[in-house]
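Q: One structure, as structure tokens, below. Some questions next.
The values are calculated or read from the model by the stated rules, or taken from the named source; none is laboratory data. In this text the structure is predicted, and so the values were computed from the model without any measurement. Don't worry about glycine lacking a Cβ; one is built from the backbone with ideal geometry, like all the others, and counts go over all protein chains shown.
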Amino acid sequence: MLKRVLIANRGEIALRIIRACRELGVETVAVWSQADESALHAQLATRSLCIGPARAADSYLNQDAILSAALATGCDAIHPGYGFLAENPDFADRCVQAGLKYVGPSGDVIRKLGSKSAARTLAQKAGVPVVPGSDGPVKNARQAEALAEQVGYPVLLKASAGGGGRGMRQVDSAGELKARFKEAQAEAVACFGDGEMYLEKLVLNPRHIEFQIMADTQGHVVHLGERDCSIQRRRQKLVEESPSMALTPALREEMGRAAVTAAKAAGYVGAGTVEFVLAPDGAFYFIEMNTRIQVEHPVTELVTGIDLVKEQLRVAAGLPLSFTQEDVRVTGHAIECRINAEDPERDFLPCPGTTTFLHLPGGPGVRVDTALYTGYEVPPYYDSLAAKVLAHAPTRLEAIRRMRRALEELIVEGYPTNAPLAHLIMHDPEFVRGRYDTGFLEHNLDRLLELARTCDRLMEGET
């Protein structure tokens, strides 16, 4: 097993990795920016070092500083977490060149799958169904227009290097395409430094289903079931659950087999996620593969009992997976709500600030992953994710009820969060019935926010 791991990240995922390492007897080195001097990950690691100013470009994205810190502290591996450098192929290569293990797939694999158009081509060649669209990138708006006429509107313009909904635009008619192409490409260049675009037919009213896979250096590739990530706002996930109400046992088996096929075709090693859209008619299509641990990985851990971060560390050390496909059993139902420091009433504006009081829920079947504590100041420089609240129970309805109870116990004071919205989603009749798709929030947000205001007024009247 590895001896000492540097964690090239911050927040709850850095804590998650520290805890897994501790249980394996692996020492940890945390890196922090000047904005994170008081952060929990900097305090709980075996050692910690400052790597630069608050701005991510000067700290958590500073490859030279991170590699220097790893070598200076005698680390034998680097875990990138998610975000920041987690899907940067050059960083993965540089880790290996420096004599360090990289906890993730190789730089070549990240390059292969990091380009969404290249990943689509790879899946196609492997026989995995893909959404009708361009074979590779489209060079300009004129070429996109011609292709859109072939596949039919509406279509999606997507950045090849994109993620998190950035560099993506829906186009409903030919008259919109030129302007949308320009917008999406400009955003892609600004966010990823790469303006390459491709085009897909837009599947209307789909579910967003992703399969968790793990692969080792011995050639074993296993999937751990699916997560339904259809509750989204502008393609940013807010609620995830497993198993999905939309999948039959036969469809689950077919999609799982397709996920493993895609991972094998890429020569994948480590933890990854194969993402699909599921059409209302039951047809499913590959859309991309994420080459890292996901924010929502605890959902899978709760229903399978498998520690994905520990498996990542085993694989990075060259050890085989500790389980086979036959060993994977899904037990009960799990739901995750992402709690963000943002104000839904102001178009989800990020709201950094000081955590003046914090109370986290507990009890049977409740898990909270967070780096918050009373007095902690949420910095304005990074993602607004403040906590992940998870509920696990024998049935989906019990998990929903448990999540409601957990969100009612959660208190975060000092800045707005989206926790009240998450609580209302847990009571929505369509969500409770499992009848929702990726358009759920788009169609219901105004109603939910008005309901939240009504609840606030009633509470104020009672006090």
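Q: Would you be able to tell me the number of residues in the stretch 158-173 that are at pLDDT below 95 and either assigned by TED's automatic domain parsing to the domain that holds R234 or hydrophobic (A, V, I, L, M, F, W, C) (or both)?
A: 3
Q: A further question follows. Quick check on the stretch 289-329: of everything there that is in contact with a Phe, Trp or Tyr (Cβ under 9 Å, 6 or more places away or on another chain) and charged (D, E, K, R), which residue is farthest from V366 (Cα to Cα)?
A: R292
Q: What do you reckon, is S160 closer than 24 Å to G256 by Cα and under 25 Å from the mean Cα position of the chain (by Cα)?
A: Here the answer is no, as S160 does not meet what is asked.
Q: Taking the stretch 411-436, which residues are in a loop (DSSP other than H, G, I, E, B) and surrounded by 20 or more Cβ atoms within 10 Å (Cβ to Cβ)?
A: Passing the criteria: G414, T417, N418, M426, Y436.
Q: Related question: Could you grab me the full set of residues in the stretch 138-155 that are surrounded by 22 or more Cβ atoms within 10 Å (Cβ to Cβ) and either closer than 21 Å to F192 by Cβ or among the polar types (S, T, N, Q) (or both)? So that I can check it myself, show each step before the final result.
A: The first filter runs over the stretch 138-155 and keeps only residues surrounded by 22 or more Cβ atoms within 10 Å (Cβ to Cβ), leaving 138, 144, 148, 155.
Scanning the stretch 138-155 gives V138, A144, V155.
Q: Here are some residues: V103, V29. Which one is closer than 28 Å to T273 by Cα, among the β-branched types (V, I, T) and in contact with a His (Cβ under 7 Å, 6 or more places away or on another chain)?
A: V103
Q: Within the stretch 289-301, restricting attention to residues that are surrounded by 24 or more Cβ atoms within 10 Å (Cβ to Cβ) and of a type in the set (A, V, I, L, M), which residue is nearest to Y268 (Cα to Cα)?
A: Only one residue fits best here, namely M289.
Q: So, in the stretch 256-296, exactly how many residues are modelled with pLDDT of 95 or more, touching a His at 6+ places or on another chain (Cβ under 9 Å) and not hydroxyl-bearing (S, T, Y)?
A: Of the residues in that region, 12 qualify.
Q: Tell me, which strands (runs of 3 or more DSSP E) lie completely within the stretch 171-280 with 1 or more residues that are within 20 Å of A123 (Cα to Cα)?
A: 197-201, 207-215, 221-233, 270-278
Q: Now for a separate question. For residues that are in a helix (DSSP H, G or I) and surrounded by fewer than 16 Cβ atoms within 10 Å (Cβ to Cβ), tally how many sit in the stretch 393-403.
A: Total meeting the criteria: 3.
Q: Also, I was wondering about something else. So which residues in the stretch 238-265 are among the aliphatic types (A, V, I, L, M), surrounded by fewer than 23 Cβ atoms within 10 Å (Cβ to Cβ) and closer than 18 Å to G114 by Cα?
A: V260, A265
Q: Which residues, taken from the stretch 92-129, are surrounded by fewer than 19 Cβ atoms within 10 Å (Cβ to Cβ), in contact with a strand residue (DSSP E or B) (Cβ under 6 Å, 6 or more places away or on another chain) and modelled with pLDDT under 95?
A: Of everything in the stretch 92-129, just one residue is surrounded by fewer than 19 Cβ atoms within 10 Å (Cβ to Cβ), in contact with a strand residue (DSSP E or B) (Cβ under 6 Å, 6 or more places away or on another chain) and modelled with pLDDT under 95, namely Q124.
Q: While we're on this one: Return the residues of the stretch 184-204 that are under 18 Å from Y153 (Cα atoms) and either surrounded by fewer than 18 Cβ atoms within 10 Å (Cβ to Cβ) or among the β-branched types (V, I, T) (or both); say none if nothing qualifies.
A: V203, L204
Q: Same structure again: Pairs please, first residue from the stretch 407-422 and of a type in the set (G, A, S), second anywhere and in a loop (DSSP other than H, G, I, E, B), Cβ atoms under 7 Å, 6+ apart in sequence or on different chains.
A: As it stands, the answer is G414/T355; G414/T356; A419/L410, since those pairs meet every condition given.
Q: Follow-up. Working carefully through the options E210, E241, E226, find the one that is touching a strand residue (DSSP E or B) at 6+ places or on another chain (Cβ under 9 Å), more than 24 Å from L321 (Cα to Cα) and among the acidic types (D, E).
A: E241
Q: Moving on. Have a look at A54, A65, A45, A70 and point out the one that is small (G, A, S) and under 17 Å from I13 (Cβ atoms).
A: One residue alone meets the criteria, A45.
Q: Let me ask something else. Suppose the filter is outside the structural domain of R404 (by TED's automatic domain parsing), touching a residue at least 24 places away in the same chain (Cβ under 8 Å) and touching a strand residue (DSSP E or B) at 6+ places or on another chain (Cβ under 6 Å); does M197 pass it? Give the derivation first.
A: Numbers: outside the structural domain of R404 (by TED's automatic domain parsing): yes; touching a residue at least 24 places away in the same chain (Cβ under 8 Å): yes; touching a strand residue (DSSP E or B) at 6+ places or on another chain (Cβ under 6 Å): yes.
When the stated conditions are applied, M197 passes them.
Q: For the stretch 276-309, name all the residues that are more than 18 Å from the chain's Cα centre (by Cα) and without any contact (Cβ under 8 Å) to a residue 24 or more places away in the chain.
A: Correct list: D281 only.
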